[in-house]
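Contents: one structure, followed by commentary.
The values are calculated or read from the model by the stated rules, or taken from the named source; none is laboratory data. Bear in mind that the values here come from a model prediction, so they are computed numbers and not experimental data. Using ideal geometry, Cβ is built from the backbone for each residue, glycine included, and neighbour counts are taken over all protein chains shown. The area values use the complete protein model at the heavy-atom level, side chains included, leaving out ligands, DNA and RNA. Shrake-Rupley method; radii C 1.70, N 1.55, O 1.52, S 1.80 Å.
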Amino acid sequence: QVQLVESGGGLVQAGGSLRLSCAASGRALSGYAMGWFRQAPGKERDFVAAEVWSGGSTYSALSVKGRFTISRDTAKNTVYLQMNNLKPEDTAIYYCAARSSGSYYSPGAYHSWGQGTQVTVSS
């Protein structure tokens, strides 16, 4: 199993940017498709973005397309989520996860999760 730790969350004003990091240990991330999800209070965990492999195909939720970018640094065994033009509705706990099989968009397809990092966007 791979262990994941997110960081980089915080409080930012609308229109601002943040970069989330997801550091992995235990196994190389190059063997996994990686995803980012988010969960707002009282809501389900929603898909944000996924990358099949380093430099390969990526998928993004319509709500973040053109604003968020997923990438990874295999040398650092870290996945990133660059978030630009943040909006108050982006406020949530953000989680990274390693995919085992199944739809990239479904939380059930991912077997390893980090503890999450809080992102709060003020208006």
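Filtered by the rule that a residue be under 14 Å from the mean Cα position of the chain (by Cα) and open to solvent by less than 60 Å² (accessible area, probe 1.4 Å), segment 55-66 gives SER60, ALA61, VAL64. Restricting segment 94-123 to residues that are open to solvent by 60 Å² or more (accessible area, probe 1.4 Å), polar (S, T, N, Q) and within 15 Å of the chain's Cα centre (by Cα) leaves a set whose member that is farthest from SER17 (Cα to Cα) is GLN115. Annotation for segment 47-54: at least one member residue is open to solvent by 70 Å² or more (accessible area, probe 1.4 Å) and closer than 19 Å to ALA109 by Cα.
The set of residues in segment 62-93 being touching a strand residue (DSSP E or B) at 6+ places or on another chain (Cβ under 7 Å), of a type in the set (S, T, N, Q) and under 14 Å from GLY16 (Cα atoms) consists of GLN82, THR91. Inclusion of THR69 among residues that are surrounded by 15 or more Cβ atoms within 10 Å (Cβ to Cβ) and of a type in the set (S, T, N, Q) is warranted. Cβ-Cβ contacts under 6 Å between residues 6 or more apart (or on different chains), taken from a first residue in segment 1-26 that is crowded, with 17+ Cβ neighbours inside 10 Å to a second residue that is among the aromatic types (Phe, Trp, Tyr), are listed as LEU20/TYR94; SER21/TYR80. Listed here are the strands (runs of 3 or more DSSP E) enclosed by segment 20-80 that have at least 2 residues being of a type in the set (A, V, I, L, M, F, W, C) and touching a Cys at 6+ places or on another chain (Cβ under 9 Å): 33-39.
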